[in-house]
Amino acid sequence: MPKSKSVGMAQTVLGPVSPQSLGKTSTHEHLLIDFVCMFREPKVASEIKLAYEPVDLTNLGWVRYDPFRNLDNLRLVDEQTIINEVGLFKRAGGGTIIDATTIGIGRDPLGLARISRATSVNVVMGAGYYVDAVHPDTMDEKSVDMLADQIIEELTFGVEDTGIKAGIIGEIGCTWPLTANEKKVLIASSMAQKETGASILIHPGRNESAPFEILDLISGSGGDLNRVVMGHLDRTIHDLKKVVELAESGCYLEYDLFGWETSFYPFSDLDMPNDGQRINWVKNLVNMGYSGQVVLAQDIWGKHFLSRYGGYGYAHILNNIVPRMNESGISNKDLNKMLVGNPANILTIV
């Protein structure tokens, strides 16, 4: 669909829709993903056996504590299971899911379209690349212009020969410190944003300075920070003053790890917060006047998050967190901004 006809609409895997029809939206999930790049084989012999077993009730506790050490856990590839799980999201009142799976971790346009068609839930697919570790072997040879052209094509004509279009740029994967190729992708994303009017969703590196470095690069490349979503803040910045500093840039603040209740996090010296802490951070931001910049999600990427495997599922925020936020004093008006209004603004092509 030409850009001139897409302005004012949101692009889903089944076509453009009115932003007003998106409903309650989870802004960072993975419906189909091959996340084996994150696999960390244990060192102990008995645990190596567990690492290669299917996820079930006999090993679920072990998997939950460090979910990156079980290979089966890192693959969401069964469409019928995901259709059932997304159906629970729909039943809870959900309307739209942004699938943040990008190049390198199994993005599946046709699979996403089938899931959306089967569930009547809007699915918005991401354009672009995940982190350097899963970039294609030819990445060094790709210029910024080549990368920008590819992202633009995914947004305006579709991914490869599927005809299925992305509706957001990202999640664009960044490590700490940024690699040369990740910088190229960020610059290309800024160029694609200017050309297409789409927003950018960021996976920042695991350092509290990473989001600021990324925003500096995007703004220096002519990108619009008011249309950038900074993801994973709940595992990246634990200092409210720094989050407020980030908010002052104009970007959206994404608290997207709701449902992760285990404090152990193998990739950082920060403890992973629990949902109570996430609610308090969101409440603080709301009280400070930033509800118009906050969005919420669960970043489901492994089996242990799914209802079928004893997790909370894609409906966790709607079923469990929204009532707790109400009880904490967050108004329905502010919740509507975070779950409906802000996502609709992000997904509207401008």
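What follows draws every value from the coordinates through simple rules; no lab data is involved. Keep in mind that this is a model prediction, so the values were computed, not measured. Here Cβ is always computed from backbone atoms with ideal geometry, including for glycine, and neighbour counts include all displayed protein chains.
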| Share antiparallel - DSSP beta bridges, the chain, percent rounded to 5 | 20 percent
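Just rank Trp62, Trp260, fewest to most, by other beta-carbon atoms within 10 angstrom. Please report the intermediate quantities before stating the final value.
Numbers: Trp62 17, Trp260 23.
Result, fewest neighbours first: Trp62, Trp260.
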| Rounded to the nearest 20 Debye, what is the dipole magnitude of the stretch 204-350 about its Cα centre when Lys and Arg each give +1 and Asp and Glu each give -1 at the C-beta? | 460 debye
| field | Two-site label geometry, Lys283 and Asp149: point separation in nm, points 7 Å out along Cα→Cβ | value | 5.3 nm
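Work out the length of the dipole vector of the stretch 22-156 about its Cα centre, built from +1 on the beta-carbon of each Lys and Arg and -1 on the beta-carbon of each Asp and Glu, and round it to the nearest 20 debye.
Numbers: 13 positive and 21 negative charges, 151 e Å.
Around 720 debye, computed over the stretch 22-156.
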| note | The ³J(HN,Hα) series, computed from each phi in the stretch 155-167 with the Karplus coefficients 6.51, -1.76 and 1.60 at θ = phi - 60°, rounded to the nearest Hz and given as x for glycine or proline, is 7, 10, 10, x, 7, 6, 9, 7, x, 8, 9, 6, x
| message | Connecting C-alpha atoms closer than 10 Å in a GNM of the chain, tell me which of Val123, Val282, Val244 has the biggest fluctuation. | response | Val244
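Explain nothing, just the number: relative contact order of the stretch 3-347, from Cα pairs under 8 Å at least 6 residues apart, as a whole percent. Mind showing how you got there, number by number?
Details: 706 pairs, mean separation 70.3, N = 345.
Relative contact order of the stretch 3-347: 20 percent.
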| task | Kindly flag which residue pairs out of Lys165/Lys194; Lys90/Lys242; Lys24/Lys142; Lys183/Lys337; Lys241/Lys283 have an alpha-carbon separation exceeding 26 Å in this structure. | result | Lys90/Lys242; Lys24/Lys142; Lys183/Lys337
| Considering the dipole of the stretch 3-347 built from charges on the beta carbon (Lys and Arg +1, Asp and Glu -1) around the Cα centre, which of Gly329, Gly250, Leu57 is farthest to its positive end? | Gly329
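Looking only at GluC sites (Glu not before Pro) in DSSP loops with at most 15 other Cβ atoms within 10 Å, what is the longest site-free stretch of the chain?
Working: sites that count: Glu160, Glu248, Glu261.
The reported range is 1-159.
Quick one: dipole size for the chain, taken about the Cα centre, charges +1 on Lys/Arg Cβ and -1 on Asp/Glu Cβ, in debye to the nearest 20.
1060 debye
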| query | Among Thr102, Thr196, Thr179, which one moves the most in a GNM of the chain with springs linking Cα atoms closer than 10 Å? | reply | Thr179
| request: Collect residues whose amide H, placed 1.01 Å from N in the peptide plane, falls under 5 Å from the amide H of Ile103; neighbours closer than 5 in sequence don't count. | output: Gly128, Tyr129, Tyr130
| message | Charges on Cβ only, +1 for Lys and Arg, -1 for Asp and Glu, centred on the Cα centroid of the stretch 41-187; of Gln150, Met139, Ser116, which one is farthest towards the dipole's positive end? | response | Ser116
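Would you list Thr27, Thr236 from fewest to most Cβ contacts within 10 Å?
Values: Thr27 29, Thr236 24.
Arranged by neighbour count, lowest to highest, Thr27, Thr236 become Thr236, Thr27.
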| Rounded if a/c is under 1.5, else prolate if a/b beats b/c, else oblate: with a ≥ b ≥ c from the C-alpha gyration tensor eigenvalues square-rooted, which is the chain? | rounded
| remark: For the stretch 184-193, in residue order, the Karplus 3J(HN,Hα) values (coefficients 6.51, -1.76, 1.60; θ = phi - 60°; whole Hz; Gly and Pro = x) are 4, 5, 5, 5, 5, 5, 5, 5, 5, 4
| query | Short version: ³J(HN,Hα) in whole Hz for each residue of the stretch 215-232, in order, from phi by Karplus 6.51 cos²θ - 1.76 cosθ + 1.60 (θ = phi - 60°), x for Gly and Pro, what are they? | reply | 5, 4, 5, 5, 5, x, 9, x, x, 9, 5, 5, 10, 10, 9, 8, x, 6
